[in-house]
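First comes the structure, then the notes that go with it.
The values are calculated or read from the model by the stated rules, or taken from the named source; none is laboratory data. Computed from a prediction, not measured in an experiment: that's the story for all the values here. Cβ placement follows ideal geometry from the backbone for every residue including glycine, while neighbour counts extend to all protein chains displayed. Protein only, heavy atoms only, side chains kept; ligands, DNA and RNA dropped before computing areas. Shrake-Rupley method; radii C 1.70, N 1.55, O 1.52, S 1.80 Å.
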Amino acid sequence: MDISVIIPLFNEEESLPELYAWIERVMKANGFSFEVIFVNDGSTDHSWQVIQRLGSESDHVKGIKFRRNYGKSPALYCGFKQAQGDVVITMDADLQDSPDEIPALYKMIVEDGYDLVSGYKQKRYDPLSKTIPTKLFNATARKISGIKNLHDFNCGLKAYRKAVVKNIEVYGEMHRYIPYLAKNAGFDKIGEKVVQHQARKYGSSKFGLNRFFNGYLDLITLWFLSSFGRKPMHVFGFLGTLVFIIGFISAFALGADKLYCLANGIKQRLVTDSPYFYISLTMMMIGTQLFLAGFIGDLVSRSSSTRNDYQIEEEIRCGE
């Protein structure tokens with residue numbers, strides 16, 4: 001099969017028939033063998049009935065129905081598990097992503113050799129309250145991930161080599177960082193294509209401003225896990241040792257100053273009367289706790305069943 005199209009959705013009953021008809025028209029015009037996987041993320045409208053009807057009318061339609069709303073990342077995760085196409089396309093169900101982009105995205109994966117191609121909605125039909133935070137978010141994501149050529153990490157329209165979606169785990173709200181997840185899994189040929197962004201035709205946006213705050217927290221988590229997930233002692237142990245040494249040197253300096261004053265008959269207040277004594281003591285305690293946190297984290301990491309879970313692309317065996 002050439003292409004799997006995965007469409008996560010929540011309350012999009014009006015747009016689904018038009019979207020599927022558009023996808024089918026594009027696929028047939030280009031001679032692609034395809035499947036369309038609708039993942040109904042706990043919709044409370046008639047979206048599932050629409051998907052059932054589309055499935056009864058076409059052999060290309062598959063559907064997954066969640067019992068409740070879990071979010072876009074779980075929807076993509078389940079869609080990725082079911083996908084059979086050599087190239088996997090993800091797109092939103094609100095008709096803001098154009099299926100006409102599919103042939104060019106497919107070509108970039110198959111002919112140009114990209115592992116992942118992310119859409120870039122250069123001209124957006126969104127209010128400033130959404131576009132400005134998006135620009136700040138993407139700038140931060142580029143800096144932390146090291147993927148300098150992407151302008152829109154969270155664009156729903158993406159294309160993947162099948163191996164990519166089978167070797168990454170999208171969880172929580174990590175769908176925003178799929179390019180970063182792919183890079184961490186060893187798929188570093190990541191490209192971008194300017195795509196058409198269309199104004200929403202039906203319904204309203206399902207995302208609020210809180211997603212940007214959550215996005216930054218997820219980015220910090222992903223950066224830490226990718227950098228120190230298998231070696232927590234390297235960060236906690238280093239920080240703990242550094243903080244402990246600073247505290248110890250400060251306490252030692254206070255003690256040395258007190259001894260000098262006593263030896264020379266200089267009147268000096270008690271060491272415990274100085275606020276620096278308690279600051280030094282606190283730093284030594286915090287340093288010890290950080291070091292122990294790194295040590296415990298290292299023990300947990302070493303006992304993990306996935307500690308040697310490495311991505312092997314190909315092997316050559318004797319006699320083959």
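Kindly check whether there is at least one residue in segment 70-93 that is without any contact (Cβ under 8 Å) to a residue 60 or more places away in the chain and either open to solvent by less than 10 Å² (accessible area, probe 1.4 Å) or part of a loop (DSSP other than H, G, I, E, B) (or both).
Yes - at least one qualifying residue is present in segment 70-93.
Return the pair list, or none, for Cβ contacts closer than 8 Å from residues in segment 232-243 that are farther than 12 Å from Met285 by Cα to residues that are polar (S, T, N, Q) and open to solvent by less than 70 Å² (accessible area, probe 1.4 Å), at least 6 apart or on different chains.
Here the result reads Pro232/Ser301; Val235/Ser227, each pair linking segment 232-243 to a residue that is polar (S, T, N, Q) and open to solvent by less than 70 Å² (accessible area, probe 1.4 Å).
Please determine whether any residue of segment 199-214 is at pLDDT 90 or above, exposed (fewer than 15 other Cβ atoms within 10 Å of the Cβ) and assigned to a helix (DSSP H, G or I). Even if it seems obvious, please write down each step before you answer.
Going through segment 199-214, the residues at pLDDT 90 or above turn out to be none.
Scanning segment 199-214 turns up no residue that is at pLDDT 90 or above, exposed (fewer than 15 other Cβ atoms within 10 Å of the Cβ) and assigned to a helix (DSSP H, G or I).
When Trp48 is evaluated against the numbered criteria (1) assigned to a helix (DSSP H, G or I); (2) of a type in the set (Phe, Trp, Tyr); (3) in contact (Cβ under 8 Å) with a residue 40 or more places away in the chain, which criterion, by number, is the only one it fails?
Only one criterion in (1) assigned to a helix (DSSP H, G or I); (2) of a type in the set (Phe, Trp, Tyr); (3) in contact (Cβ under 8 Å) with a residue 40 or more places away in the chain is unmet by Trp48, namely (3).
Test each condition in (1) closer than 23 Å to Ile102 by Cβ; (2) modelled with pLDDT under 95 for Asp45 and report the one that comes out false.
Here Asp45 clears every test but (1).
If we keep just the residues of segment 134-149 that are under 13 Å from Glu192 (Cβ atoms) and more than 14 Å from the chain's Cα centre (by Cα), which is most open to solvent (accessible area, probe 1.4 Å)?
For segment 134-149, the residue satisfying everything is Lys148.
Would you call Gly287 small (Gly, Ala, Ser), under 19 Å from Phe224 (Cα atoms), assigned to a helix (DSSP H, G or I) and open to solvent by less than 80 Å² (accessible area, probe 1.4 Å)? It would help to see each step written out before you state the result.
Numbers: small (Gly, Ala, Ser): yes; under 19 Å from Phe224 (Cα atoms): no; assigned to a helix (DSSP H, G or I): yes; open to solvent by less than 80 Å² (accessible area, probe 1.4 Å): yes.
Considered against the rule, which asks whether it is small (Gly, Ala, Ser), under 19 Å from Phe224 (Cα atoms), assigned to a helix (DSSP H, G or I) and open to solvent by less than 80 Å² (accessible area, probe 1.4 Å), Gly287 comes out as no.
Pairs please, first residue from segment 1-23 and touching a residue at least 24 places away in the same chain (Cβ under 8 Å), second anywhere and among the basic types (Lys, Arg) and buried (at least 19 other Cβ atoms within 10 Å of the Cβ), Cβ atoms under 8 Å, 6+ apart in sequence or on different chains.
Every condition considered, the pairs that remain are Pro8/Lys72.
Please specify each residue of segment 178-198 satisfying the condition of being part of a loop (DSSP other than H, G, I, E, B) and either within 15 Å of Tyr120 (Cα to Cα) or free of Cβ contacts under 8 Å to residues at least 12 places away in the same chain (or both). It would help to see each step written out before you state the result.
The first filter runs over segment 178-198 and keeps only residues part of a loop (DSSP other than H, G, I, E, B), leaving 185-189, 195-196, 198.
Within segment 178-198, Val195, Gln196, Gln198 meet the criteria.
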